[in-house]
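A short reminder: the numbers here are calculations on the coordinates, not readings from a lab. Fair warning: this is a prediction, and the values are worked out from it, not measured in the lab. Here the Cβ positions follow ideal geometry from the backbone for every residue, glycine too, while neighbour counts run over all protein chains shown.
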Amino acid sequence: MKIAILSCAPRLYSTRRLIEAGEARGHELEIINPLHCYMNISASCPEIHYKDRILTEFDAVIPRIGASITFYGTAVLRQFEMMGTYTVNTSISITRSRDKLRALQVLSRKGVGLPQTLFAHSTKKSEDLIELAGGPPVIIKLLQGTQGAGVVLAETKKAAESVIDAFRNLDAYFLVQQFIGEAEATDIRCVVVGEKVVASMMRTGKEGEFRSNLHRGGTAQKVKITPEERKTAIDAAKALNIRVGGVDLLRSSSGPMVLEVNSSPGLEGIENTTGIDVASRIIEYIEKNAKPASPRSVVKA
């Protein structure tokens, strides 16, 4: 098979590992920078142009689209879908997961466990927002933040009101979310491939840090998840139609709660922590699902 990796970062660990895993299984892989693509949008013959050629030869596409280029990256991916190329995650599923509010609304509708979450435009009822989220401390996060950026722990009511006022004065959209104290600055990253959790690790924030992101100095260790946690991770990915993704869970007193579903999870932390070859699991999934006779991705709207 010939597989395209849609990425602006050819030197990243995740990109290199996917290439290694694919080539080890006899496939040909090429990195395509979506920002260097331009598209001919035609009813009769949609095309993607890239470096003086038209991209028609790929059997499958692995989207590794950074949050900063979601709009253009998913437009290119959507063009591949229009051409009938199999995509590991669809353009719609990626945009849905990147929109934190929309993702939470979809997960809520599907009955997936979530922290109590509030969203509003006016700050006139800040006190009510804070109380509905369980009272201080609360988590306040920007809708556009990634890797723990734009996330604030407000430990008192006054601090929460100040942060809400500051975000609103910046005309920023944000969520006020229940703080799960019993999680003790830890979360669980589950990597879902298809409808299976293929690897999981527990991440712990550094001392004095409530965010557990490895990019912020957190540490990770292999963890055995419960059947309920496994089901929650799979249900969350399925709800957003994420075929390959990372699901972040919190262990709460009322059961597992989903923090986020990531459509382009990093492979370095999970592979180094667990010793599991996640990249090969992704390639195997493509082999099973991107056969010529299999149904292709379809863009509805």
I need the phi-derived Karplus couplings for segment 284-289: 6.51 cos²θ - 1.76 cosθ + 1.60, θ = phi - 60°, integer Hz, Gly and Pro marked x. 4, 4, 5, 4, 7, 10
Simple Cβ-charge dipole of the chain, Lys/Arg +1 and Asp/Glu -1, about Cα centre, in debye nearest 20: 400 debye
Violating pairs (Cα-Cα greater than 30 angstrom) within the set Lys158/Lys238; Lys231/Lys291; Lys157/Lys231: Lys158/Lys238; Lys157/Lys231
Each label sits 7 Å from Cα toward the beta-carbon; between Glu195 and Glu284 the label points are separated, in nm, by 1.8 nm
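Helix-only mean residue ellipticity at 222 nm, the chain, DSSP H runs n ≥ 4 weighted -39,500 (n - 2.57), per residue, nearest 500. What is it?
Working: 9 runs with 95 residues, N = 301.
The helix contribution divided over the chain gives -9500 deg cm²/dmol.
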Where Rh denotes the Kirkwood radius from the mean inverse Cα pair distance, what is Rg over Rh for segment 117-179? 0.91
Residues Glu28 and Leu132, FRET efficiency given R0 of 30 Å [Cβ-Cβ distance, rounded to 0.05]: 0.05
Tell me, which longest segment in the chain has none of the GluC sites (Glu not before Pro) that fall in DSSP loops with at most 16 further Cβ atoms within 10 Å? 58-154
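Quick one: longest stretch of the chain between exposed loop trypsin sites (Lys or Arg not before Pro), exposed meaning at most 16 other C-beta atoms within 10 Å and loop per DSSP? The partial results should precede the final answer.
Working: sites that count: Arg11, Arg25, Lys51, Lys110, Lys124, Lys125, Lys206, Lys224, Arg296, Lys300.
Longest gap between qualifying sites, sites excluded: 126-205.
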Potential extension, Gln221-Ser44 segment - 0.36 nm per residue separation minus Cα distance: 58.6 nm
Taking R0 as 22 Å, what's the FRET efficiency between Asn272 and Leu35 from their Cβ-Cβ distance, rounded to 0.05? 0.15
What angle, in degrees between 0 and 90 and rounded to the nearest 10, separates the Cα long axis of helix 13-24 from the longest principal axis of the Cα atoms of the chain? 40 degrees
Distance in nm between label sites at Glu228 and Asp165, each 7 Å beyond Cα in the beta-carbon direction? 4.0 nm
Using a 7 Å offset from the Cα along the Cα-to-Cβ direction at both Thr56 and Gln105, what is the distance between the two label points in nm, to one decimal? 4.1 nm
Set the Förster radius R0 to 45 Å, insert the Cβ-Cβ distance between Lys124 and Arg11 as r into 1/(1 + (r/R0)^6), and round the FRET efficiency to 0.05. 0.40
Tally the DSSP beta bridges in the chain and give the antiparallel ones as a percent, rounded to 5. 80 percent
As I understand it, the value is the acute angle between the Cα axis of helix 100-109 and the longest principal axis of the Cα atoms of the chain; what does it come to in degrees, rounded to 10? 80 degrees
